[in-house]
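Worksheet: the structure to be examined is printed underneath.
The values are calculated or read from the model by the stated rules, or taken from the named source; none is laboratory data. Quick caveat: nothing in here was measured; it's all calculated off a predicted structure. For neighbour counting, all protein chains shown are included, and Cβ atoms are generated from backbone atoms with ideal geometry for every residue, glycine included.
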Amino acid sequence: MTRFRAGSVTLAVILLVGLWQGTAAAGHFHWSDVRYEAGLRLVYGKSTRSADVRVVGILPRFGWVLVKPGSPWLAGLGVSFVLEGIFTAVQAEKNGVELGLTPLLRLTYPWGRPLLVFVEGGAGVIGEFFDSPAVPHTFNFTPQVGGGLEVSLARNLGLVLAYRYRHSSNAGLYEDNPAFDVHLFQAGLSYFF
């Protein structure tokens, strides 16, 4: 458990330094030829129920920009479709891993030159390979929603700080379905091209 705390403190320091440097010397997001976004987020999360479950890992992402942020369509709101992988280590009664894939819809709004505000949500599938009373089955569905900020570090590169609430359950496929909810804190980079 101390490794998770030390990792989250280290991550917070790195993010604060990156955010400070990014806002001090950033350009602005450049949308003229953008069609895709790719990124990688680090994630730390904790369960919301009595069973103590913590997750730490990476979320690789690839998305298609359907409507560019700042365009006259939708009053400047940008729309993207994103596929996000889930690769996390889990600390519970017995440690394990989660592997999954989630399609997300992302709505982005430019707030000043160096900043994007976004909300995103979707539902995917996940294999949860660890022992905990919160997760009785390996295969689950993961509806989730969250939001965050993206600070421009360069013309097409952004530093992301985000929060997401994720629910995992088997959607009634099995008689036993206690569900597993987790608060996820994310930080990472996005590249638009």
Exception for residue 152 within (1) touching a Gly at 6+ places or on another chain (Cβ under 7 Å); (2) not in a strand (DSSP E or B) falls at (2)
Expected single match for surrounded by fewer than 20 Cβ atoms within 10 Å (Cβ to Cβ), modelled with pLDDT of 95 or more and farther than 23 Å from residue 95 by Cα among 172, 147 is 147
If you go through 90, 79, the only one that is surrounded by 19 or more Cβ atoms within 10 Å (Cβ to Cβ), part of a strand (DSSP E or B), of a type in the set (Val, Ile, Thr) and in contact (Cβ under 8 Å) with a residue 12 or more places away in the chain is 90
Restricted to segment 108-117 and to residues being in contact with a Ser or Thr (Cβ under 8 Å, 6 or more places away or on another chain) and free of Cβ contacts under 8 Å to residues at least 40 places away in the same chain, the residue nearest to residue 152 (Cα to Cα) is 115
Q) Any chance segment 154-161 includes a residue that's modelled with pLDDT under 95, among the β-branched types (Val, Ile, Thr) and either out of contact with any helix residue (DSSP H, G or I) (no Cβ under 7 Å at 6 or more places or on another chain) or closer than 15 Å to residue 125 by Cα (or both)? A) no
Q. Is it true that some residue in segment 120-141 is in contact with a Phe, Trp or Tyr (Cβ under 7 Å, 6 or more places away or on another chain), at pLDDT 95 or above and within 15 Å of residue 61 (Cβ to Cβ)?
A. no
